[in-house]
Amino acid sequence: MAFFGITILGAQNPFDETKATPLHAFSEQDFQRAFLETYQPGFRLYSEDEDVAIARREAIKTANINHAQLREFLINLYNCPQDIDNVPNLTYVNVDEAFYDLVDKDISLALLQQRLERARMLSLDQEQKSLESVYSREEHARREFISGQDFRTALAKHQRMVKDPIEKSLVSMTESQTYGWHKPSFKQDRRPKQSCEETKFASAMTKAGMYYY
C-alpha cells in the first residue's frame, strides 16, 4: 500500500510494524467491524437474504460488550494474528482512560464509538505533541535547520554552522573529526633531533650536491 502513498497504517507486516499504528488512523467502519467480531465471531452485517440483513441490523441495536472485552476488541481492530498481541501500549492507555467509568456496564456500539472518539483525540494530541518536538529547534542541541530549503540555501552560500561539531555531539561523526576533537590533557615534551657538527657538515654537503660513497 505504500506504493500508492497509503502509509498511515504502516507497513504490511502484522508481526512488527503494526505496533506503530495510532488509534486515530482507524475509521468508524473499522470500529464497527471490530465490535461485531468481538460481539459474535464471524458476524456480518450484510447478507444476500434481505430478511437476514434486516434481522442483523436490528440485532446491532441491542448488541453489547463488556469492559473486559475491550482488549479482544482492540486485537480484532488491529487484525492481530492468532495468539499475537500487536496493539501498542499507548493505545491501551488511551482506551482505558476513555472507558475508565464503564467497568461494570455494558457497552453498546453507539457508546463505544462515542468513547473511542475521546481516545482518538488523545492519540491525535499525543502525535501532534510528538511532531512539535520533532520539528522544534530548541529541544535538540544538534539541530540547526528545520527546513530543507534553508539547509540547501546555507550549503549553496557556504555559510558556516552556528555551532561547532564538538558543541553538538559527544563523539565525532567521522574519523577525520577525531583529530583535534579533544584538546590534549597532558603536556608533551618536544625533543628535536640533535646532531654533531660533523653530521651537520656532511648533511650540508649532501644537499649541495656532493655525495660520499
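With each label point set 7 Å from Cα along the Cα-Cβ vector, what nm distance links D96 and K193?
The two pseudo-label positions are separated by 7.4 nm.
Among R142, R44, what is the fewest-to-most ranking by other Cβ atoms within 10 Å?
Exposure proxy ranking, most exposed first: R142, R44.
Need one number: nm distance between label points at I166 and T153, each 7 Å from Cα along Cα→Cβ, rounded to one decimal.
Each label point lies 7 Å from its Cα, and together they span 3.1 nm.
Rank the residues D49, D106 as a footprinting-exposure proxy: fewest other Cβ atoms within 10 Å of their Cβ go first.
Lowest to highest Cβ neighbour count: D49, D106.
Taking the highest mean first, how do the peptides 26-32, 143-149 order by number of other beta carbon atoms within 10 angstrom per residue?
Output ranking for 26-32, 143-149: 26-32, 143-149.
What percentages make up the Cα-Cα pair-distance distribution of the range 23-134 when the bins are 5 Å wide from 0?
2, 11, 21, 23, 18, 12, 7, 4, 2, 1, 0
Taking other Cβ within 10 Å of each residue's Cβ, how do H24, H182, H67 sort, fewest first?
H182, H67, H24
No value in this document is a laboratory result; all are computed from the given coordinates. Keep in mind that this is a model prediction, so the values were computed, not measured. Cβ sites come from the backbone with ideal geometry, for glycine too, and all protein chains shown count toward neighbours.
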